[in-house]
Amino acid sequence: MTQDTIEALTFDLQGETFALEAGYVREVLDLLPETPVPGAPAFVGAVINFRGRVIPLVDLRMAFDMAVTETTIDNRIVVIEHPLDGEPTLIGLRADKVHEVTSITADTTEEAPRVGMRWRADFIRRLVRRNGDVIVLPDLDQIFAARGQSAPVTALHTAQR
Amino acid sequence: MSGLDPIETFRQEAQELLEQVEQGLLDLARRPGDRALIDTIFRGLHTLKGSGAMFGFDALAAFTHHCETAFDRVRKGEVPASPSLVSAVLAAQDHMRALAEGTPVDAGAGEALLADLQAAIDGGDAAPAAAAPTAPGLNTFKIRFSLPADALINGARPLPLLDELRDLGEARVRVITDDVPPLDQLVPAECRLAWEVLLTTKHDRDAIDDVFIFVIDEMTLEVEDLTAAAIVEEPEVVEAVVVQEDVPVAANTPAETGRAAKSGDTVRVPAERLDEMMDRVGELVIAQSRLKQLAASSTDVALRAVAEEIERLASEMRDTMMVVRMVPIAQLFGRFRRLIHDLERDTGKQIELSTEGETTELDKTVIERLADPLIHLIRNSADHGLEGAEQRAAAGKPAVGKIMLAARQSGAEVVITITDDGRGVDRARVRAKAEENGLIQPGQVLSDNELLQLIFAPGFSTAAAITNLSGRGVGMDVVKKTIEGLRGSIEITSTPGEGSVVSLRIPLTLAIIDGLLVRVGTGRYVIPLATVEECVELTPAQDLRSTGRNLITLRDELVPFLRLREQFKTGTQPDLHQKIVVVATGQDRVGLVVDQILGDHQTVIKPLSSFHADVGAFSGATIMGDGGVALILDIPALVSLGQRHDAQLRAAG
């Protein structure tokens with residue numbers, strides 16, 4: 001976060017607020033019919049038809065050990081373009097609720113603490129303080145590379161505590 | 001065509017010319033003294049020089065000039081087309097290719113090549129060729145020629161032609177204005193003049209043809225040899241016609257391009273435009289299946305009629321598009337002759353390459369992606385398969401090793417085989433190597449086929465010493481991966497002492513396939529129709545009986561089957577009338593139990609992201625008429641899974 005400000009789209013997952021750089025975001029969609037992929041991990045358990053292309057639907061909740069709840073009318077799919085194994089790929093991300101695009105200034109962000117986190121530390125790029133709340137800037141490279149596998153490191157953290 | 005970058009056009013042209021020259025040279029190595037070949041090569045070099053200079057590739061033109069000069073001497077019978085000369089020009093040709101592509105080249109390299117070339121020519125001087133040079137003395141020709149009306153527009157100019165004729169000797173030129181229209185109908189840009197030239201020269205007939213080399217396909221040219229008392233007049237004219245048909249090298253000169261555009265014979269189109277068009281056709285097919293569904297639920301007869309019409313058109317459009325993208329595999333096979341030439345030099349083995357079925361057609365993208373794997377396989381055959389001359393003699397085989405490349409179409413697949421008559425795969429060494437690399441347990445029982453397939457396992461290489469040719473770490477596993485990326489399969493069979501056969505099965509096209517749409521639980525899946533052998537019912541009685549061992553008897557043959565419902569963990573109850581779709585790849589068959597067969601479906605293949613690459617059971621996805629997504633089953637993966645299940649059950653039970 002060397003630049004002073006970034007424009008970011010904020011969205012909710014299980015009560016936590018996340019932010020993605022707006023430049024990556026291609027489109028925000030209402031829920032679409034999903035096609036489950038048998039044998040795929042729950043993190044990318046389905047594909048959807050996005051304008052004639054078949055794109056994976058990623059559930060970030062799996063990477064952050066969140067419970068899966070019923071869908072609501074606020075649920076959205078955020079379509080981003082992100083490199084995946086070296087190729088730019090369109091990827092859908094589930095979101096419980098999408099908020100506005102907001103400016104995040106560098107001086108409001110900080111490193112994720114090494115300890116005391118419920119989540120894999122390398123999955124988080126920065127934390128943003130805002131109005132007494134915290135917004136998470138996830139590190140999608142790390143999350144995608146690990147295919148959202150949160151389990152082994154979580155166990156380690158529990159042992160440390 | 002005019003929208004293309006001229007430099008790029010030249011590069012493409014140069015590429016083709018060089019390929020033709022290369023083919024000519026390789027043929028010449030086998031049939032030295034073949035006049036037609038020598039002429040072909042000469043014309044190719046000449047055209048390359050000419051267009052090179054025209055498009056500002058001066059270095060290329062200058063370099064090519066020397067090769068052309070060398071070949072001119074061959075053509076005149078002053079120097080024989082010795083193997084050393086052919087090799088020198090082949091080497092020089094790589095340099096030309098680099099120059100044409102604009103790759104930086106070492107300045108000294110060109111001079112070294114030219115020195116080689118000179119040495120080859122001088123060496124040849126000692127043994128003058130059999131072909132007798134033309135008798136000296138003066139010849140008189142009556143030349144009558146005219147250019148096509150649009151010649152000026154296409155850049156051909158009559159004046160330099162006349163000047164060149166004048167350079168040959170004493171010329172008397174007369175213009176023929178018979179075809180010139182009255183002034184009010186005259187189009188100034190059109191060339192309606194013809195010329196008659198009486199030429200007295202010490203050169204022969206070929207020199208005259210050379211003057212017209214760029215325009216010969218277009219123009220009318222009559223040459224009368226007045227020296228020889230008009231006896232050979234008729235055959236000469238006929239010969240000129242034959243030569244221009246036989247020698248496609250003359251194609252792609254600027255005049256030729258003009259003709260193609262005019263008569264619509266061939267059009268050169270960049271491959272990406274074809275790809276774009278393919279995408280559009282893909283979308284059209286998707287939209288069409290939506291229309292079909294709408295029409296099916298409607299009672300409007302007119303709508304249904306239109307929907308059917310569109311369906312027919314879309315399907316024809318698809319087929320046409322496929323055909324447009326098809327190119328004969330000869331394009332690919334042609335490249336390997338050079339490879340064999342180099343391999344002979346590097347291995348010191350004598351190798352004869354024969355090809356079969358070059359007219360078999362494949363999708364252009366498939367052909368391009370096949371090049372590297374095939375090069376690797378041929379190298380392997382030459383390096384590991386074929387024995388040295390002594391070993392071959394000891395085994396009672398002819399000294400020249402044979403490698404055969406064959407292609408044939410079989411249903412929706414093309415089967416390519418690489419056959420060698422070498423020593424065959426050494427099973428003991430394969431086993432030892434696999435055990436050493438931990439691919440198998442020591443003493444593990446393997447069928448012969450399984451043992452041979454180990455060659456394609458990652459990290460496997462039997463070459464005891466790493467040679468320049470193969471065994472450089474890029475193993476057969478990469479070949480296998482590439483082939484599988486094309487939705488193809490690879491198999492090897494081998495008889496010790498007699499040779500090996502590697503067979504590749506490649507689908508004709510990558511973009512659209514005919515599929516069988518099935519339902520498993522609530523999900524819809526597509527099975528490529530080409531792999532489907534038959535569909536049978538799984539009766540409840542059979543279903544109960546076969547819970548332990550998943551086998552059905554089909555015409556006295558036991559076929560293992562997989563319940564896709566269990567495989568995909570749908571958690572649904574089986575339908576009352578389950579079906580078994582029997583699919584096959586190569587020799588292996590397996591039954592897939594589905595809940596319902598929904599019908600056939602024109603499937604536009606969409607790739608899955610790398611998130612789903614390791615799931616294994618799916619090779620892609622497609623979009624259905626209602627906008628939903630159906631996954632395409634990866635039949636080879638499922639078949640091997642089924643076969644493995646079966647083997648485990650057998651072992652257990």
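Values in this text are rule-based calculations from the coordinates and carry no lab data. Model, not experiment: these values are computed from the prediction. A quick note on method: Cβ atoms are made from the backbone with ideal geometry, for glycine too, and the neighbour counts reach across all protein chains shown.
Peptide B:610-617 shows a mean partner chain C-beta count of 6 within 10 Å per residue C-beta.
Across peptide A:30-40, the mean count of Cβ atoms from other chains lying within 10 Å of each residue's own Cβ comes to 6. Candidate cross-link partners of B:K292 among the lysines, defined by an alpha-carbon separation under 19 Å and a same-chain spacing of 8 or more, are absent.
How far is helix B:476-485 tilted, in degrees, relative to the longest principal axis of the Cα atoms in chain B, given as a value from 0 to 90 rounded to the nearest 10? Once rounded, one gets 80 degrees. The spacing between region B:53-77 and region A:84-107, judged by their C-alpha centroids, is 59 Å. With θ taken as phi - 60° and the Karplus curve 6.51 cos²θ - 1.76 cosθ + 1.60 applied, the whole-hertz 3J(HN,Hα) list for region B:493-499 is 10, 7, 10, x, x, 10, x Hz, x standing for glycine and proline. For chain B, what does the alpha-carbon gyration tensor say about shape, rounded, prolate or oblate, given a ≥ b ≥ c as the root eigenvalues, a/c under 1.5 as rounded, and a/b over b/c as prolate? It comes out oblate by the Cα gyration axes. Between 0 and 90 degrees, the angle of helix B:301-325 with respect to the longest Cα principal axis of chain B falls at about 60 degrees. Take each peptide in B:166-174, A:30-38, B:295-303, count the other Cβ atoms within 10 Å of every residue, and average; sorted highest first, the result is A:30-38, B:166-174, B:295-303. Each of B:C191, B:C67 was scored by other Cβ atoms within 10 Å of its Cβ. Arranged with the fewest first, they read B:C191, B:C67. Taking the C-alpha atoms only, the angle from helix B:254-263 to the longest principal axis of chain B is near 60 degrees. Backbone amide hydrogens, once placed in the peptide plane, bring B:D600 within less than 5 Å of B:L517, excluding anything fewer than 5 places away on its chain.
Ignoring lysines fewer than eight residues from B:K569 along the same chain, the ones with Cα atoms less than 21 angstrom from its Cα are B:K579. Counting, for every residue in A:54-65, the Cβ atoms of other protein chains within 10 Å of its Cβ and taking the mean gives 2.
Fewest-first ordering of B:E272, B:E566 by other beta carbons within 10 Å of each residue's beta carbon gives B:E272, B:E566. Per-residue ellipticity at 222 nm computed for chain B from its helices equals -14500 deg cm²/dmol, with DSSP H segments shorter than 4 residues left out and the rest contributing -39,500 (n - 2.57). Here B:V306, B:V501, B:V89 are placed in order of increasing Cβ neighbour count within 10 Å, fewest first, which gives B:V306, B:V501, B:V89. Amide H to amide H, with H built 1.01 Å from N, B:L554 comes under 5 Å of B:V559, counting only residues 5 or more places away or on other chains. Taken along the Cα-to-beta-carbon direction at a fixed 7 Å, the label points for B:Q12 and A:T105 span 5.6 nm.
In this simple spin-label model, placing a label point 7 Å from the Cα along the Cα-to-Cβ direction at both B:Q444 and B:R427 gives a separation of 1.7 nm. Per-residue extension of 0.36 nm, minus the Cα-Cα distance of B:E164 and B:D556, leaves a gain of 133.1 nm for this segment.
Among A:99-108, A:57-66, B:478-487, the peptide with the highest mean count of other Cβ atoms within 10 Å heads the list, and the full ranking is A:57-66, B:478-487, A:99-108. Within the straight-line cut-off of under 12 Å between alpha carbons, the aspartates and glutamates reachable from A:K97 are A:D12, A:E16, A:D30, A:D74, sequence neighbours fewer than 8 places apart in one chain being disregarded.
Here's how it looks for B:R563: its modeled amide H is under 5 Å from those of B:V593, which are all 5 or more places away or on a different chain. For the cross-link pairs B:K76/B:K349; B:K76/B:K402; B:K49/B:K402; B:K433/B:K481; B:K142/B:K202, the ones whose C-alpha atoms lie over 26 Å apart are B:K76/B:K349; B:K76/B:K402; B:K49/B:K402. Taking trypsin sites (Lys or Arg not before Pro) across region B:517-567, the ones in a DSSP loop with at most 16 further Cβ atoms lying within 10 angstrom of their Cβ are B:R549, B:R555.
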